[in-house]
Each structure stands twice: as C-alpha cells, then as structure tokens.
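Just so it is clear, none of the values below were taken in a lab; they were calculated from the coordinates. Computed from a prediction, not measured in an experiment: that's the story for all the values here. For neighbour counting, all protein chains shown are included, and Cβ atoms are generated from backbone atoms with ideal geometry for every residue, glycine included.
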Amino acid sequence: MTPLYEIRIRRDAHTVTPVTVPEYELPLLQEIFGAENVHNADRKRVDEAGCGTPVGSFRASEDEYERFCAKYGVERVEQVFGKDRKAVRVNVSSRKETAGSRNKGE
C-alpha cells in the first residue's frame, strides 16, 4: 500500500486547496504551483519539512504515468519525469520502499 499525505496548495494570497496525494506526486505539484506553495498539513513547506504524517493509503496503479497524464497533461508529466514511463515507475517504487521501511521503524 502507498501512503497518502494531506498537502495544502497555496494558489494565491486568498486560496489554499487541500489535496491528498502520494509523496511521488509532489514533484508535479511543485512544478505547477512552485515549491514555496506546496505545504504539509502543519503548514510547513514540503521541500523543507517533509510530507508529515500519512493520512491514509491506497493501492497505486500499475501505470501511474497514465494517471498523471490524465490528471496533469502529457506535457507537464514529461517535463517533470521525462518521456520514459520507467522514470515514474522507479519513483513510485522507491517511494513505496521508503514508506515501507519508515512504517516498520515506527
């Protein structure tokens, strides 16, 4: 299972949108909104303080690349991960392994 995190996206001075995403989706959010506007549930920048505590989990798709392309557009996904689907698979796998080892240590 892949952990999910509550992330707060600051879209402008008056709009903050909460989303629940896996850690490996953060590079896309940071590319779209800027790293300084992607915060964890504690309202700290993800790039400085990390994702925080998982709020749930889900079974990741076998092809997260396709899901990302449908959600964010092919051009944006290629800009962040490149054209090689393997880059997304490797990123997903490494995040799952990190989360698994983190959960075992708790």
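Close amide H pairs (under 5 Å, H built 1.01 Å from N) link A60 with T2, residues at least 5 positions away or on another chain. The loop-placed trypsin sites (Lys or Arg not before Pro) in segment 54-92, going by DSSP, that have at most 16 neighbouring Cβ atoms within 10 Å of their Cβ come out as R59, K83. For segment 61-69, 3J(HN,Hα) computed residue by residue from phi via the Karplus equation (6.51, -1.76, 1.60; θ = phi - 60°) reads 5, 5, 10, 5, 4, 5, 4, 4, 4 Hz, glycine and proline entered as x.
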